[in-house]
Amino acid sequence: MASSKLVKAILDPKKNWFAALHKKTVSNRLRKYGLRYDDLYDPMESLDIKEALDRLPREIVDARNQRILRAMDLSMKHEYLPEDLQAQQTPFRSYLTDMLNLVEREKAEREALGALPLKQRTLP
């Protein structure tokens, strides 16, 4: 219990200057490419992430794919977004985290009840 409070205190940007510096650095890097933090989740890494992306509206998933393609294009060209577009970016506005938490809660509930999964999920 005490160790979890310590870890939360260390990782909280409001309490730890180093965590705040790290968050600012990550934010600047994401802004340069026009990404959001949730874009960094890989659906090939976890079935829960894949399920959460499948449940999101098509418009949100399309916007995510466009941001990722634009970031890859900029990276290949060794360029960044123009300064005016970087200022408009919102790297920590979450769109996937709530759905991912819901999927994980449903999975934990099914396991707790001893129920079978709704469908067999496998990575391609």
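The values are calculated or read from the model by the stated rules, or taken from the named source; none is laboratory data. Since the model is a prediction, treat every value here as computed from it, not as a measurement. As a convention, Cβ positions derive from the backbone with ideal geometry for all residues, glycine included, and neighbour counts pool all protein chains shown. SASA here: full protein model, heavy atoms, side chains in, ligands and nucleic acids out. Shrake-Rupley method; radii C 1.70, N 1.55, O 1.52, S 1.80 Å.
Just need a number here: residues in segment 80-91 that are in contact with a Lys or Arg (Cβ under 6 Å, 6 or more places away or on another chain) and open to solvent by 50 Å² or more (accessible area, probe 1.4 Å).
1
Here's a check for you: in segment 1-44, which residue that is closer than 18 Å to ASP98 by Cα and free of Cβ contacts under 8 Å to residues at least 40 places away in the same chain is surrounded by the fewest Cβ atoms within 10 Å (Cβ to Cβ)?
Among those that are closer than 18 Å to ASP98 by Cα and free of Cβ contacts under 8 Å to residues at least 40 places away in the same chain, it is ASP42.
Just the residues that are surrounded by 14 or more Cβ atoms within 10 Å (Cβ to Cβ) and aromatic (Phe, Trp, Tyr), please, taken from segment 92-107.
TYR95
If I filter segment 8-19 for residues that are at negative phi, small (Gly, Ala, Ser) and modelled with pLDDT under 95, do I get at least one hit?
yes
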